[in-house]
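The values are calculated or read from the model by the stated rules, or taken from the named source; none is laboratory data. Note that the structure is a prediction, hence the values are computed from the model and not measured. When we count neighbours, we look across all protein chains shown, and the Cβ atoms used for this are built from the backbone with ideal geometry, even at glycine.
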Amino acid sequence: MTSGDDLVRGWFSTSPFILKVGLRLLELEADRAVVEMPFDPNLATAGDVVHGGAISTLIDCAAASAAWAGHEPRGERWGTIGMSVNFMAAAHASRLTATAIVSRRGRSICYSKIEVLDGDGTAVAEGLVSYRLG
């Protein structure tokens with residue numbers, strides 16, 4: 001049987017969307033994931049400022065990874081059911097790193113907190129994500 005960790009690693013190596021955005025899985029352990037998004041001018045909103053939608057994508061993928069880490073799949077239904085993002089500073093032409101930590105794990109819903117830092121270590125966004133596991 002495929003583990004949640006295996007699903008995450010497979011997702012990062014085969015998902016057309018993740019590959020297009022350039023996300024990289026840096027760390028994965030039970031209830032924690034670190035995901036990186038390199039700067040790409042195609043993900044900018046104006047000038048060299050990273051678009052909020054790209055940052056939200058990073059947050060969502062990091063949270064899903066943390067939710068699956070250490071989880072044994074039980075079904076076919078999963079996905080994000082809620083997400084809140086606060087943007088704290090503009091990310092200018094910088095690699096971004098999201099660290100997602102599960103704050104509560106229920107039978108089918110997992111809640112995570114995510115912090116996004118730029119290459120200088122400045123917090124640019126934070127997120128709360130609710131994710132349904134199968």
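Data for the structure
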{"item": "Of all residues making up segment 41-55, the number that are surrounded by fewer than 16 Cβ atoms within 10 Å (Cβ to Cβ) and either under 28 Å from S108 (Cβ atoms) or in contact with a helix residue (DSSP H, G or I) (Cβ under 8 Å, 6 or more places away or on another chain) (or both)", "result": "4"}
{"item": "Residue check, A90 among the small types (G, A, S), in a loop (DSSP other than H, G, I, E, B) and touching a strand residue (DSSP E or B) at 6+ places or on another chain (Cβ under 8 Å)", "result": "yes"}
{"item": "Selection count, segment 26-66, where residues are under 19 Å from S94 (Cβ atoms), under 10 Å from the mean Cα position of the chain (by Cα) and not polar (S, T, N, Q)", "result": "9"}
{"item": "Residues of segment 88-111 that turn out to be surrounded by 14 or more Cβ atoms within 10 Å (Cβ to Cβ), of a type in the set (K, R) and out of contact with any Pro (no Cβ under 6 Å at 6 or more places or on another chain), as a count", "result": "1"}
{"item": "Residue ID - modelled with the lowest pLDDT, chosen from residues in segment 122-134 that are part of a strand (DSSP E or B) and hydroxyl-bearing (S, T, Y)", "result": "Y131"}
{"item": "Which listed residue, of V85, V34, V8, is touching an Asp or Glu at 6+ places or on another chain (Cβ under 6 Å) and either in a helix (DSSP H, G or I) or surrounded by 13 or more Cβ atoms within 10 Å (Cβ to Cβ) (or both)", "result": "V34"}
{"item": "Condition met for D5 (at pLDDT below 95 and either within 18 Å of T97 (Cβ to Cβ) or in contact with a strand residue (DSSP E or B) (Cβ under 8 Å, 6 or more places away or on another chain) (or both))", "result": "yes"}
{"item": "Set S65, S108: member being touching a Leu at 6+ places or on another chain (Cβ under 7 Å), over 18 Å from D6 (Cα atoms) and either modelled with pLDDT under 95 or charged (D, E, K, R) (or both)", "result": "S108"}
{"item": "Boolean, I114 is under 24 Å from K20 (Cα atoms) and surrounded by 16 or more Cβ atoms within 10 Å (Cβ to Cβ)", "result": "yes"}
{"item": "From G119, G70, residue being at positive phi, surrounded by fewer than 19 Cβ atoms within 10 Å (Cβ to Cβ), assigned to a loop (DSSP other than H, G, I, E, B) and of a type outside the set (D, E, K, R)", "result": "G70"}
{"item": "Condition met for S3 (surrounded by 13 or more Cβ atoms within 10 Å (Cβ to Cβ), over 16 Å from R132 (Cβ atoms) and small (G, A, S))", "result": "yes"}
{"item": "Answer residue from segment 11-31, given it is outside any helix (DSSP H, G or I) and not acidic (D, E) and is surrounded by the most Cβ atoms within 10 Å (Cβ to Cβ) among those", "result": "L23"}
{"item": "Odd one out for G79 among (1) surrounded by 13 or more Cβ atoms within 10 Å (Cβ to Cβ); (2) at pLDDT below 95; (3) under 18 Å from I114 (Cβ atoms)", "result": "(1)"}
